[in-house]
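Let me begin by presenting the structure, written as structure tokens, before commenting on it.
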Amino acid sequence: MNGLNFGRTSSAKEIVSSLKWATAAICTVAPMQAAVLVGLTVLEGLAPVFSIYVTQHLIDTVIQAAGRGREGIADVWPWLAAFAASLLLGYEVMYKLREPMLTRMRQRLQLDLERKRLIHASELPLTFFEESASYDKLSRSADPGRKTTDLFFYSLSTVKGAISVIGVAAIFWGVSPWLAVALVAVIVPRAIHGAKSSKKWMSFTYDQTEEQRRASYVSGLLTGRAEQKEVRVFDLSGILSGRWESLRREQRVQAMKVKKGMEISGIPWNALYWITEVTVIVVLGLWLVPQRITPGVFMSLFRGVGQMNVGASGISFGISILHKNSIDVGYVREFLQVPVDVKKRGETSFPAPLAKGIRLQGVSFAYPGRERPILRRLDLHLKPGERVALVGENGSGKSTLVKLLLGLYKPDEGTITADGVDYADINPESLHEHVSAAYQDYYKFSFTAAQSVAMRETAGAAAADEGSASLERVRAAAARGGADEFIAELPRGYDTPIGRLFDDSRELSEGQWQRIAISRTFMRDPQLLVLDEPTAALDAKAEADIYGQFMSYARDRAVLLISHRLGSARLADRIIVLQDGRIVEDGNHEQLLAAKGAYAQMWEVQSGWYR
């Protein structure tokens, strides 16, 4: 695995490493908020110490001032003022100062880190998304701003608890070093247990990531719009809800088992701290009787025992939650460090117009984690002005070949060149500008009709101006793709939002969506146009019309047509039959029928459907 191998555990070294990374990110985007939060943390840590100190002197001064009239009141006023000041350092006041700073920091980090995460995801090689583990990385790296802020905040909370414990211990030390040592000593095993329990819980939680995705997937089947037809026709709701309940029940049982073990294992250390607290209070009471300590000292140290418990709980919780936060931030770091591309980015422009064409020589490709290659030492030449049809059974490698031609995958062996220029040396933006495709598994962009066709163009802004050149380009592309007629009938024409995502949008039929996707292809002027079964949702006549438009539009361009309907393949100048990752036949329709090979067998089967 590339990047950081955080897995399911996190040592002190990883916590420090993640904290350094988080601090650097915070200081870059929110330095003022970070400085204010650090200052507030110090004040919050010192607040209970100051309060205990003031309480001691206030009580003793009040007792001494009893019966002394105005003179006694004058001695009490300074400590009353100090006590009022200590209340200003209390939780409620600090909370109102801290939360706005924390919220602003979280917002800035989320904007910065989520932008980096999204950009990084879009730049990763397509093969990254072929592995199940990649979706775990994506899922675990989500919400990076909150995770980074939490790590910083809980590290400050741990520091705050430590400041309080040390300060209160210093007050105890002035009365009895042994009491101070005893109270601090019992904090250590509680903190260690908290850290170990957190590791155990986080290990369980991250082991459940895939199981949680399974349950979420089943939940999506029950609630998703696209799935409802088959769920209802095949009466799957009972089966799927039962499967969802089973997955969730198993997760709950395992979670309760882990939680129960954590709580039981912590009982001895909590009992030890409780016994120590009671013992300290008893000792203080015994010292008060012979006036070894004053009532003010007794009451302040009585409060101090409680504050030590609060501080100790803060340290224990902080250490345990820091483990979780460091793992969360570790997954963000891990994802952001997944290599975008191990090869140098090409800077050469795509040769346009093509003179010799695109050539594949000895190209082999295998998907990650699969030993058997999907393409095997394949040779292919696509010439300008030539229409080539690619046919073959499912799994023969057709779609993989398309992705290689589009530059989405890089061959494991061999080369792909355009007029002799290696794909590896061509700038990706230039490549995508001159090699385009229309897919069967197109995406439905829920924008306006104009924006969905144009995407990278300025059609969204142009739609408001019916005479704009940009909108004319969109209309021309939609006309070639067969979408102009039904778009014109929408309530607001090209400015109508399409899909079901927004209240004022209009849903389209599958065939209409497919025409939108096909029209998108005509927004560019590609040298190679790949048609990867883009008309699967259209009838045979509509498919023939669309292909005819493609052929007419791409007169001097190279066209690669993929279709299971062999009738459409007859439009091509040359038909290539792909089988098990290799080209087994190459010729026109008549030649391949005469050869009585794989193509002839497929043709015989399909033509029999219409007899």
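The values are calculated or read from the model by the stated rules, or taken from the named source; none is laboratory data. Predicted model, so just to flag it, every value in this text is computed and none were measured. Cβ: placed from backbone, ideal geometry, glycine included. Neighbour counts: every protein chain shown. We work out accessible area using only protein heavy atoms, side chains counted, and drop any ligands, DNA or RNA first. Shrake-Rupley method; radii C 1.70, N 1.55, O 1.52, S 1.80 Å.
Taking residues in the range 313-328 that are open to solvent by less than 20 Å² (accessible area, probe 1.4 Å), and partners anywhere that are among the acidic types (Asp, Glu), the pairs with Cβ atoms closer than 6 Å and at least 6 places apart or on different chains are Asn325/Asp150; Ser326/Glu14. Checking each residue in the range 326-355 for being assigned to a helix (DSSP H, G or I) and modelled with pLDDT of 85 or more picks out Ser326, Asp328, Val329, Gly330, Tyr331, Val332, Arg333, Glu334, Phe335, Leu336. Comparison of Gly460, Gly414 shows that the only residue that is open to solvent by less than 70 Å² (accessible area, probe 1.4 Å), under 30 Å from Val363 (Cβ atoms) and either at pLDDT below 85 or in a strand (DSSP E or B) (or both) is Gly414. For beta carbons closer than 8 Å, sequence separation of 6+ or different chains, a first residue in the range 555-570 that is farther than 21 Å from Asn394 by Cα and in contact (Cβ under 8 Å) with a residue 12 or more places away in the chain and a second that is basic (Lys, Arg) and in a helix (DSSP H, G or I), there are no qualifying pairs. Residues that are free of Cβ contacts under 8 Å to residues at least 24 places away in the same chain and among the acidic types (Asp, Glu) were ranked within the range 571-602; the one that is nearest to Glu386 (Cα to Cα) is Asp586. Restricted to the range 356-373, and to residues there that are open to solvent by 30 Å² or more (accessible area, probe 1.4 Å) and under 26 Å from Gly420 (Cβ atoms), the residue that is modelled with the lowest pLDDT is Pro373. The set of residues from the range 573-587 being open to solvent by 10 Å² or more (accessible area, probe 1.4 Å) and either among the hydroxyl-bearing types (Ser, Thr, Tyr) or more than 43 Å from the chain's Cα centre (by Cα) (or both) comprises Asp573, Arg574, Glu585, Asp586.
The residues of the range 105-146 that are among the basic types (Lys, Arg) and in contact with a Phe, Trp or Tyr (Cβ under 8 Å, 6 or more places away or on another chain), listed by number, are Arg117, Lys137, Arg140. Across the range 469-483, the number of residues qualifying as under 10 Å from Ala449 (Cβ atoms) and in a helix (DSSP H, G or I) comes to 2. Flag: Asp379 matches the condition of being surrounded by fewer than 16 Cβ atoms within 10 Å (Cβ to Cβ) and part of a strand (DSSP E or B). In the range 293-308, the qualifying residues are those that are part of a helix (DSSP H, G or I) and of a type in the set (S, T, N, Q), and the one that is nearest to Ser51 (Cα to Cα) is Ser300. Residues of the range 137-155 that are within 15 Å of Leu322 (Cβ to Cβ), hydrophobic (A, V, I, L, M, F, W, C) and open to solvent by 20 Å² or more (accessible area, probe 1.4 Å): Phe153 alone.
Yes or no: Asn309 without any contact (Cβ under 8 Å) to a residue 40 or more places away in the chain and either out of contact with any Pro (no Cβ under 7 Å at 6 or more places or on another chain) or buried (at least 20 other Cβ atoms within 10 Å of the Cβ) (or both)? It is true that Asn309 is without any contact (Cβ under 8 Å) to a residue 40 or more places away in the chain and either out of contact with any Pro (no Cβ under 7 Å at 6 or more places or on another chain) or buried (at least 20 other Cβ atoms within 10 Å of the Cβ) (or both).
Taking first residues from the range 241-257 that are farther than 13 Å from Tyr217 by Cα and open to solvent by less than 60 Å² (accessible area, probe 1.4 Å) and partners that are aliphatic (A, V, I, L, M) and assigned to a helix (DSSP H, G or I), the Cβ contacts under 8 Å between residues at least 6 apart in sequence or on separate chains come to Gln251/Ala215.
All conditions but one from (1) open to solvent by 10 Å² or more (accessible area, probe 1.4 Å); (2) without any contact (Cβ under 8 Å) to a residue 60 or more places away in the chain apply to Thr496; the one that does not is (1). Listed by first and then second residue, the pairs with beta-carbon distance under 6 Å, at least 6 apart or on different chains, first residue in the range 349-366 and under 11 Å from Leu380 (Cβ atoms), second of a type in the set (Lys, Arg) and open to solvent by 60 Å² or more (accessible area, probe 1.4 Å), are Gly357/Lys383; Gly362/Arg377.
Against the conditions (1) in a loop (DSSP other than H, G, I, E, B); (2) among the polar types (S, T, N, Q); (3) in contact with a strand residue (DSSP E or B) (Cβ under 9 Å, 6 or more places away or on another chain), Ser399 satisfies every one except (1). When Leu97, Leu102, Leu37 are checked against the criterion of being surrounded by fewer than 18 Cβ atoms within 10 Å (Cβ to Cβ), modelled with pLDDT of 85 or more and not aromatic (Phe, Trp, Tyr), Leu97 stands alone in meeting it.
Out of Leu406, Leu431, one residue alone is at pLDDT below 90, in contact with a Phe, Trp or Tyr (Cβ under 9 Å, 6 or more places away or on another chain), open to solvent by less than 30 Å² (accessible area, probe 1.4 Å) and closer than 27 Å to Ala517 by Cα. It is Leu431.
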